1. Taking the range 22-44 as the region of interest, how many residues are surrounded by fewer than 24 Cβ atoms within 10 Å (Cβ to Cβ) and farther than 22 Å from residue 101 by Cα?
2. Tell me, please, whether a residue that is polar (S, T, N, Q) and more than 21 Å from residue 96 (Cβ to Cβ) can be found in the range 394-407.
3. Does residue 339 satisfy the criteria of being farther than 30 Å from residue 199 by Cβ and either part of a helix (DSSP H, G or I) or not assigned by TED's automatic domain parsing to the domain that holds residue 384 (or both)?
4. Go through the range 159-202 and give me each residue that's touching a helix residue (DSSP H, G or I) at 6+ places or on another chain (Cβ under 7 Å), within 16 Å of the ligand (Cβ to nearest atom) and aliphatic (A, V, I, L, M).
5. Would you please name the residue that is farthest from the ligand (Cβ to nearest atom), looking only at residues in the range 21-52 that are farther than 22 Å from residue 273 by Cα and among the small types (Gly, Ala, Ser)?
6. So how many residues does the range 263-288 have that are open to solvent by 10 Å² or more (accessible area, probe 1.4 Å), over 21 Å from the mean Cα position of the chain (by Cα) and either of a type outside the set (Gly, Ala, Ser) or not assigned by TED's automatic domain parsing to the domain that holds residue 341 (or both)?
7. Being within 16 Å of the ligand (Cβ to nearest atom), within 27 Å of residue 12 (Cα to Cα), surrounded by 23 or more Cβ atoms within 10 Å (Cβ to Cβ) and within 19 Å of the chain's Cα centre (by Cα), is that true of even one residue in the range 298-321?
8. Please tell me if residue 386 is among the hydroxyl-bearing types (Ser, Thr, Tyr) and within 16 Å of the ligand (Cβ to nearest atom).
Amino acid sequence: MNPNARLTRFVLRPGSRLRGAVAVPGDKSISHRAVMLAAIAEGKSRIRNWLAAGDTEATLGAMRALGAAIERHDATSLSIKGGNLRQPQAPLNLMNAGTGIRLLAGLLAGQSFPSVLDGSAQLRRRPMKRITEPLRLMGADISASDGFCPIRIAPAPLKGIRYAMPIASGQVKSAILLAGLYADAPTTVLQPGPARDHTERMLRSMGVSVTAAADENLDASERITIEPKKKLQPLDITVPGDFSSAAFLLVAGLLVPDSDLTIRGVNLNPTRTGLLEVLEAMGGDISVSNLAEQAGEPIGDIRARKSALRGVEISGATVVRMIDEFPILMVAATQAEGETIVRDARELRVKETDRIAVMAAELRKLGAVIEEREDGFRIVGPQQLTGGQAQGHDDHRIAMSLTIAGLIAAEGAIINDAACASDSFPGFAKTLADCGALLRPD
Ligand code: S3P
């Protein structure tokens, strides 16, 4: 990537009004999984509306280096001829992609060749013990320097285990399930909360037995069991729109005066839509229509109109179901009447950045008052954001959330280091501008 591209800033003028119907790019979580699983399937997979963005391109590059035959029809449309993976010539660089490195570590733990997984300086700061520990329990020969990448993997026979995850993480669960394909017996993962289930859905569609059942010993927990299987059927999917990308437009529609915005074809998987329910509880004028199924996932259109919001309290399972949406929820909370309190959200501190600290600091630069807490935050609104300059910190969701905050700032705003938006939402600025946002990339 052109290093200067990372320096793009978004200049926002006051007075936007958002109208119309738009689509968002394909789901990031599903796009990562689709290229990994297509690469090990027997036969040719077809993937449409694939997310061509920084994080997923890193995973695609890694799969190519592992020998997958990838045919690119256009940016978002791929054919992948799967089969046996082969030893890569060099360490695999997953750039900023936490999902890419953690899932791939699970997949590679079961291969007959050694590999090294690495990434950007940002990725090297993110915890990897959460996957190396359970994979070791399965017998994997895997190590991470002090719990951080690079991760080194050597071939080793894997055994089926029963593992209770200490945190509700879709990435950790998926790494274990992918290794479970290569184990000598079924593997069971117990999850303490409703982590996203895209891996389970996709594996089932490829002929793998993955069952989920309530666990009688643990409260609000699920037990997921995978049977080992080396021969997967190919995929033929159109990736649904990413709810986590739609979230920025959804909140913008609720906050920007005189707005009425529809986002089409969005993934409505219930493990992902916690924000939708929270915004409804806050009084958001939201309607969902055109419900359908696509790629084994529920989808629909979301319409959001300018609304008077009130504060809300969020904790427990809802946090897991909206884990990537707290930066944008923070922006919504500044505009809600009364108190918004978030608890049980400590995981936010180990995302691309410490999203509690970074969002609080950057929103303050635009005039917000935010109380940071160890496992969340408290915001009392409504607050008139004034404006100014804020930084994206090479974290896509921070940059996009600040951009939405800038849209409602009295004096407008400049969001620096905003090119990272394209790590998950290529065309973010254009999509917003097409709806009427007074936004200019610079
Ligand atoms: C993801 C899982 C989540 C999420 C990330 C994508 C995935 O991380 O934050 O953006 O695709 O499995 P955790 O599962 O670690 O919470």
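1. Residues in the range 22-44 being surrounded by fewer than 24 Cβ atoms within 10 Å (Cβ to Cβ) and farther than 22 Å from residue 101 by Cα: 5 in total.
2. So far as the range 394-407 goes, no, none of its residues is polar (S, T, N, Q) and more than 21 Å from residue 96 (Cβ to Cβ).
3. Against the criterion (farther than 30 Å from residue 199 by Cβ and either part of a helix (DSSP H, G or I) or not assigned by TED's automatic domain parsing to the domain that holds residue 384 (or both)), residue 339 does not qualify.
4. Those that are touching a helix residue (DSSP H, G or I) at 6+ places or on another chain (Cβ under 7 Å), within 16 Å of the ligand (Cβ to nearest atom) and aliphatic (A, V, I, L, M): 165, 167, 168, 172, 175, 176, 177, 178, 179, 189, 195, 202.
5. So the residue we want is 43.
6. 4
7. No, there is no match, as no residue in the range 298-321 is within 16 Å of the ligand (Cβ to nearest atom), within 27 Å of residue 12 (Cα to Cα), surrounded by 23 or more Cβ atoms within 10 Å (Cβ to Cβ) and within 19 Å of the chain's Cα centre (by Cα).
8. So residue 386 fails the test.
The values are calculated or read from the model by the stated rules, or taken from the named source; none is laboratory data. None of these values were measured; they are calculated from a predicted model. No Cβ is skipped: glycine too gets one built from the backbone with ideal geometry, and neighbour counts run over all protein chains shown. All accessible areas refer to the heavy atoms of the entire protein, side chains included, with ligands and DNA or RNA removed. Shrake-Rupley method; radii C 1.70, N 1.55, O 1.52, S 1.80 Å.
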